[in-house]
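I have placed the structure first, in the form of structure tokens, so that the comments after it can refer back to it.
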Amino acid sequence: MARYIGPTTKIAIKFGEPIFGPDKTFSRKQNSPLGQRGKMRRRKESEYSTQLKEKQKAKYTYGVLEKQFRNLFKKAQSKKGITGEILLQQLESRLDNVVFRLGIAPTRAAARQLVSHKHITVNGKVVNIPSYAVRQGDVVAVREKDKSMLVVSEALSGFNHSKYPWMEWDSASLSGKFLYVPDRADIPENIKEQLIVELYSKS
């Protein structure tokens with residue numbers, strides 16, 4: 001399974017937000033005097049640079065590599081509707097992202113690992129493909145024999161399952177139902193998807 005394995009804090013600092021999830025080192029460096037001076041020194045970016053940066057942010061946020069991302073964009077482009085919004089909806093529908101949103105894993109990277117190691121089921125069947133597209137009505141759960149895993153119990157502890165209205169959580173069975181594909185307004189990620197559309201329209 002191809003995935004990004006490079007530095008995370010360094011990338012997060014570049015974008016000015018913890019796109020890989022909670023990061024104590026990021027918070028410390030952002031609040032340090034050196035981090036504040038770094039923000040002041042940033043030069044005005046070109047249009048292309050701004051668009052490229054937004055695409056990179058989306059890729060890093062959802063843990064998708066270039067080829068996968070481009071294929072998702074082409075698929076979004078072929079559908080009726082707003083291309084940028086459809087692109088984000090496809091990213092939100094990935095199994096690893098759904099596992100993360102359900103609170104089963106603390107980060108998307110941890111969610112990918114749970115999926116690839118066969119700890120997650122969809123409609124009762126084990127699925128080990130992080131990019132698997134979850135559909136409306138699908139039930140995503142922790143495999144029965146893995147429900148006592150420490151990483152899962154720690155992630156679920158205190159997690160607010162009501163913050164993503166397009167998913168319904170059942171704490172008794174450690175499962176969540178994907179009720180519907182979220183509208184753009186529901187997706188909390190700070191991504192300017194129109195810039196990504198503009199970038200790809202040039203290529």
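A convex hull fitted to the Cα coordinates of the stretch 94-180 yields 78 cubic angstrom per residue. Looking at this model, which pairs from Lys125/Lys147; Lys125/Lys145; Lys44/Lys202; Lys53/Lys202; Lys55/Lys118 are more than 18 angstrom apart at the alpha-carbon? As for pairs spanning more than 18 Å Cα to Cα, those are Lys44/Lys202; Lys55/Lys118. Shown here for the stretch 109-174: trypsin sites (Lys or Arg not before Pro) in loop regions (DSSP other than H, G, I, E, B) with at most 12 other Cβ atoms within 10 Å, namely Lys118, Arg135.
Coordinate-derived values only; no laboratory data. If you're wondering where the values come from, they're calculated on a predicted model, not measured in any experiment. Because the Cβ atoms are built from the backbone with ideal geometry, glycine has one as well, and the counts that use them run over all protein chains shown.
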